[in-house]
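**Q** Dropping the structure in here first, questions after.
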Amino acid sequence: MKIVAVVSARLTSKRLPGKTLMPICGIPMIEMVCKRLLFCKKIDKIVIAIPKNKKNTKLKNYLKKRKYEVFEGSEDNVLKRFYLAAKYYKADLVVRITGDCPLIDAGIVDKLIYKIINSKKDYITNDNPRTYPDGLDAEVITFKALKKCYRLVKNKFDKEHVTTYVRSSRKFNIIYDNYKHDFSHLRWVVDEKSDLKVVRKIFQYFKPRLNFSWLEVIRLTKKKIV
């Protein structure tokens, strides 16, 4: 079984343009996401799926220079980009990660992969209902289910949001992963400058170690260090 993580990224964020390449302890955010994913024990390959246009040339060139796998596809039809990337790399299981979540946790991702393999379901996610901090979102889907979703989806909303059809159509076998305590009030996704400030402070605290867990960050928040 080949397990591929597909990280969606672009430079044209409306709220924080260029955030994908903004540095965190000297490392661009998209690279920080990839470095954190490298600690996953079950992922075979990491691919960054970006829009194929001139606006993202700088992002493509940086990733290529750093020897990362880059797949270019549709900007608006993110489902198509995601599906074609998974198809190109011959994935059996596909992990979906977004490029604005630099605190993505390898342990959480591995747990989702383990659960979907053992349950033999089509899809698993950890954000319904949300119990983990916003910014630790991960989804795992079988390629068979992804292909079915790609063929069935017709409307613009589902094409843009990738897995909304999987969740709402009742055509797929779904499981959810939730934590025993609710930390959904914590915000670790980077959408605004204030988010980036928080994330930078966290990485600075653990520097140079990059494989700290999300629970270690929780302890910092309880001590009001971040």
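The values are calculated or read from the model by the stated rules, or taken from the named source; none is laboratory data. Because the structure is a prediction, the values reported are computed rather than measured. So basically every Cβ, Gly included, is an ideal-geometry build from the backbone, and we count neighbours across all protein chains shown. Side chains included, ligands, DNA and RNA excluded: accessible areas come from the protein's heavy atoms. Shrake-Rupley method; radii C 1.70, N 1.55, O 1.52, S 1.80 Å.
**Q** Six or more apart or on different chains, Cβ atoms under 9 Å: show the pairs whose first residue is in the stretch 62-75 and under 18 Å from Val4 (Cβ atoms) and whose second is among the acidic types (Asp, Glu) and assigned to a strand (DSSP E or B).
**A** Qualifying pairs under 9 Å: Leu63/Glu69.
**Q** Across the stretch 87-139, what is the total count of residues that are open to solvent by less than 50 Å² (accessible area, probe 1.4 Å) and among the charged types (D, E, K, R)?
**A** The total comes to 9.
**Q** Further question: Considering only the stretch 9-45, state which residues are touching a Phe, Trp or Tyr at 6+ places or on another chain (Cβ under 8 Å), under 20 Å from Glu139 (Cβ atoms) and surrounded by fewer than 20 Cβ atoms within 10 Å (Cβ to Cβ).
**A** Lys42, Lys45
**Q** For the stretch 1-81, which strands (runs of 3 or more DSSP E) that fit wholly inside it have 3 or more residues that are in contact with a helix residue (DSSP H, G or I) (Cβ under 8 Å, 6 or more places away or on another chain) and of a type in the set (D, E, K, R)?
**A** Details: elements: 3-8, 45-51, 69-73.
Where strands (runs of 3 or more DSSP E) fall fully within the stretch 1-81, none carries at least 3 residues being in contact with a helix residue (DSSP H, G or I) (Cβ under 8 Å, 6 or more places away or on another chain) and of a type in the set (D, E, K, R).
**Q** Looking at (1) under 15 Å from the mean Cα position of the chain (by Cα); (2) at pLDDT below 95, find the lone condition where Ile124 falls short.
**A** (2)
**Q** Sort out which residues of the stretch 73-118 are touching a strand residue (DSSP E or B) at 6+ places or on another chain (Cβ under 9 Å) and of a type in the set (Phe, Trp, Tyr), and write them in order of number.
**A** Across the stretch 73-118, the qualifying residues are Phe82, Tyr83, Tyr88, Tyr89.
**Q** When the residues of the stretch 86-107 are filtered to those that are over 8 Å from the mean Cα position of the chain (by Cα) and acidic (Asp, Glu), which remaining residue is farthest from Asp137 (Cα to Cα)?
**A** At the first step, the residues of the stretch 86-107 found to be over 8 Å from the mean Cα position of the chain (by Cα) are 86-94, 102-103, 105-107.
Now narrow it down to the ones that are acidic (Asp, Glu): 92, 105.
Numbers: Asp92: 20, Asp105: 9 Å.
For the stretch 86-107, the residue satisfying everything is Asp92.
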